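Comments concern the structure below.
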Amino acid sequence: MRGLIGRSLTAAAALAMSTAFAHAAPNVEVLHWWTSGSEAAALNVLKQDLQKEGIGWKDMPIAGGGGGNAMTVLRARVTSGNPPTAAQMLGYDILDWAKLGVLGNLNNVAEAGNWDKVVPKAIQKFSKYDGHWIAVPVDVHSTNWVWGNKHLLDSLGIAQPKTWDEFIAAMAKVKASGKIALAMGGQPWQEATAFDGVVLSVGGPDFYKKAFYDLDQATLSGPQMVEAFKRLEQLRGFVDPNFSGRDWNLATAMVINGKAAFQMMGDWAKGEFLHADKKPMVDFECFRTPGSQGVVTFNSDQFVMFKVGKDKQASQDAMAKAVMSKSFQVAFNTVKGSVPARTDVADTQFDACGKMAMAQLKSADEHGTLLGSMAQGHAAPAAVKNAEYDVVSAAFNGQYTPEQAAKELAKAIKLAQQS
Ligand code: BGC
């Protein structure tokens, strides 16, 4: 009997202690969509940095590039009054949440860290609302990239394509060899991601801005957009029959393994090459979508902090500070495939593609050709982005002729703007 009481007392005491400990030990619950091998490895850098400061990590992974799935889960959590401590977010989604007044305020950390000075203005546009810092930028990615298997391309005598026609000719050569020319993941956000570069290749930054920033009806339905959809149709001719629904990292793996020659994808794809121990310019090539050189369609992953109780604010601040530190920005972005979200970090530890990306980001920023990615929510709010996804995906899947697709795009965007 005594033994039993003794045991249960011990158990109760242990439970009380563990509960007390759980309350005392700060932790952050983080919603994100970094579930591929390289993404998880990059996130580990943050988990470890926080662990060193005694901050625990509660993981909320929801797969799906562009964050569509993650945003659905997030809405449910916030609506039920239980937001996570921080959530990965992109562009206009951040501002939409800010408007609802549910986000925290990182001004103290930002002022102490001089964020106003070191974060590029194009990114601050999405990290600040009403003059307050509401999010901390983790990285800068960009979408108008092509990844190529160098061994396969060399064996077929294919030089890096510089123009759209050269790109098409290169893919035709790969296809004729029996290999897959273009590794594609048939999910709307991936098709839209390739479309960022395609649109640029047709009409450059002015056309891109008129279409995706200004949402100008005549531009959206006009001849250049028809040409963009023609190019999208050309691409469709180079994918394998199993592309539908394929995850982006599986498409990257096809290029890594030499099953396919090219992938058109943001530079998170580079993270997968590095994770598979592949070397840029030796095993793989990185180049801008032919015809889009000089322009960078960027997206920046940010951790958005929600309004939480006072007890949790200290962990939010610690997380924000850790993310913005120079050492973290280097350690994370060299694994993730992206570049730092601050301008005062040297490129020494970055690989050849990373060095190129950093230089191009700087130059595009100086020349007014650093543009927000349509596909990654940095050109227009989610309602418009989703309308674009629908039409681009339907067009890629052969449901519209290029002429119809351009008209449908204009129509769908108009409707989304009215909603
Ligand atoms: C994010 C990247 C991520 C990719 C694929 C994009 O929306 O910005 O960080 O790696 O999706 O998951």
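Checked against (1) more than 16 Å from the ligand (Cβ to nearest atom); (2) out of contact with any strand residue (DSSP E or B) (no Cβ under 9 Å at 6 or more places or on another chain), F396 passes all but condition (2). Checking the structure you have, find out if any residue of segment 27-38 is more than 30 Å from I256 (Cα to Cα), in the same structural domain as A135 (by TED's automatic domain parsing), in a helix (DSSP H, G or I) and at pLDDT below 95. Checked against the condition, which is being more than 30 Å from I256 (Cα to Cα), in the same structural domain as A135 (by TED's automatic domain parsing), in a helix (DSSP H, G or I) and at pLDDT below 95, segment 27-38 yields no hits at all.
State yes or no: is V282 surrounded by fewer than 22 Cβ atoms within 10 Å (Cβ to Cβ), within 16 Å of the ligand (Cβ to nearest atom) and over 27 Å from N108 (Cβ atoms)? Can you show your working first?
Values: surrounded by fewer than 22 Cβ atoms within 10 Å (Cβ to Cβ): yes; within 16 Å of the ligand (Cβ to nearest atom): no; over 27 Å from N108 (Cβ atoms): yes.
When the stated conditions are applied, V282 does not pass them.
Could you tell me whether any residue of segment 343-352 is buried (at least 23 other Cβ atoms within 10 Å of the Cβ), touching a residue at least 24 places away in the same chain (Cβ under 8 Å), within 18 Å of M265 (Cα to Cα) and not charged (D, E, K, R)? Outline the logic, then answer.
Of all residues in segment 343-352, those buried (at least 23 other Cβ atoms within 10 Å of the Cβ) come to none.
No; the residues of segment 343-352 include none that is buried (at least 23 other Cβ atoms within 10 Å of the Cβ), touching a residue at least 24 places away in the same chain (Cβ under 8 Å), within 18 Å of M265 (Cα to Cα) and not charged (D, E, K, R).
When you scan segment 183-198, do you find a residue that is more than 22 Å from G377 (Cβ to Cβ) and either within 16 Å of the ligand (Cβ to nearest atom) or surrounded by fewer than 18 Cβ atoms within 10 Å (Cβ to Cβ) (or both), even just one? Yes; the residues of segment 183-198 include at least one that is more than 22 Å from G377 (Cβ to Cβ) and either within 16 Å of the ligand (Cβ to nearest atom) or surrounded by fewer than 18 Cβ atoms within 10 Å (Cβ to Cβ) (or both). Checked against (1) in the same structural domain as L31 (by TED's automatic domain parsing); (2) of a type outside the set (G, A, S); (3) touching a residue at least 40 places away in the same chain (Cβ under 8 Å); (4) surrounded by fewer than 19 Cβ atoms within 10 Å (Cβ to Cβ), M319 meets all criteria but (4).
Screening the candidates G54, G68 for the property of being at pLDDT below 95, outside any strand (DSSP E or B), out of contact with any helix residue (DSSP H, G or I) (no Cβ under 6 Å at 6 or more places or on another chain) and surrounded by 13 or more Cβ atoms within 10 Å (Cβ to Cβ) yields one hit, G68. Restricting M305, M324 to those that are in contact with an Asp or Glu (Cβ under 9 Å, 6 or more places away or on another chain) and buried (at least 22 other Cβ atoms within 10 Å of the Cβ) reduces the list to M305.
Contact annotation: residue pairs with Cβ atoms under 6 Å, 6 or more positions apart or on different chains, pairing a residue in segment 259-275 that is closer than 16 Å to S292 by Cα and in the same structural domain as F195 (by TED's automatic domain parsing) with a partner that is more than 13 Å from the ligand (Cβ to nearest atom) and in a helix (DSSP H, G or I), are Q263/V255; M264/A194.
Cβ separations smaller than 9 Å between residues 6+ apart or across chains give the following pairs from segment 146-166 residues that are without any contact (Cβ under 8 Å) to a residue 40 or more places away in the chain and exposed (fewer than 13 other Cβ atoms within 10 Å of the Cβ) to residues that are in a helix (DSSP H, G or I) and hydrophobic (A, V, I, L, M, F, W, C): A159/L153; A159/A170. Kindly evaluate R246 against the criterion of being away from the ligand (no atom under 16 Å from the Cβ) and charged (D, E, K, R). Judged against the criteria, R246 is not a match. Inspect segment 109-129 for any residue being in a loop (DSSP other than H, G, I, E, B), more than 30 Å from A379 (Cβ to Cβ) and not acidic (D, E) and give the result as yes or no. No: segment 109-129 contains no residue that is in a loop (DSSP other than H, G, I, E, B), more than 30 Å from A379 (Cβ to Cβ) and not acidic (D, E). Cβ-Cβ contacts under 6 Å between residues 6 or more apart (or on different chains), taken from a first residue in segment 281-293 that is in a strand (DSSP E or B) to a second residue that is among the charged types (D, E, K, R), are listed as F284/K150; F284/K278; E285/K150.
The values are calculated or read from the model by the stated rules, or taken from the named source; none is laboratory data. This one's a predicted model, so the numbers in the text were calculated from it and none came from an experiment. Don't worry about glycine lacking a Cβ; one is built from the backbone with ideal geometry, like all the others, and counts go over all protein chains shown.
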